[in-house]
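Here's the structure we're looking at; comments come further down.
The values are calculated or read from the model by the stated rules, or taken from the named source; none is laboratory data. All of these numbers come straight from a predicted model, not from anything done at the bench. As a convention, Cβ positions derive from the backbone with ideal geometry for all residues, glycine included, and neighbour counts pool all protein chains shown.
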């Protein structure tokens, strides 16, 4: 099986959105995906990504953006890395991560950060294997569009 890892393009947005929805199903939160291909086209300056192809079909992706953290400075945030179940354990995730790490080194990032659900034991095992530091002390704080408006109207 030949795996091609390449930088994604706008033409890949439908396939990538399909993978994002597949990941959301896996994470038991399909209703939370409000992104669309049109929105990705409009907002493409805010993210970049790599795809993994097998026989011309996209079977995995890694989507990232740059962030600034006050403690460390410029960082790369890996928002999603996902490989279709039937293509796991074939080093595709590792190949995608290598590309992410190359970008971080090239762009002189001080850190790469991502999140993993505490019940995703398979991913946690993989991340520990590659020596990622997993912090269980921080909790996510999120505001969606409705909550943003509510906050601004209330406080």
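Please tell me if residue 76 is crowded, with 16+ Cβ neighbours inside 10 Å, touching a helix residue (DSSP H, G or I) at 6+ places or on another chain (Cβ under 7 Å) and free of Cβ contacts under 8 Å to residues at least 24 places away in the same chain. Considered against the rule, which asks whether it is crowded, with 16+ Cβ neighbours inside 10 Å, touching a helix residue (DSSP H, G or I) at 6+ places or on another chain (Cβ under 7 Å) and free of Cβ contacts under 8 Å to residues at least 24 places away in the same chain, residue 76 comes out as no. For the stretch 7-17, a tally of residues being surrounded by 13 or more Cβ atoms within 10 Å (Cβ to Cβ) and touching a residue at least 40 places away in the same chain (Cβ under 8 Å) returns 4. Do we have residue 95 as buried (at least 16 other Cβ atoms within 10 Å of the Cβ) and outside any loop (DSSP other than H, G, I, E, B) here? Here the answer is yes, as residue 95 does meet what is asked. When restricted to residues that are assigned to a strand (DSSP E or B), under 30 Å from residue 110 (Cβ atoms) and touching a residue at least 40 places away in the same chain (Cβ under 8 Å), the stretch 27-73 contains 11. Checking each residue in the stretch 90-130 for being more than 18 Å from the chain's Cα centre (by Cα) and at pLDDT below 95 picks out only 129.
Being exposed (fewer than 13 other Cβ atoms within 10 Å of the Cβ), closer than 30 Å to residue 4 by Cα and touching a strand residue (DSSP E or B) at 6+ places or on another chain (Cβ under 9 Å) is a condition met by no residue of the stretch 121-138.
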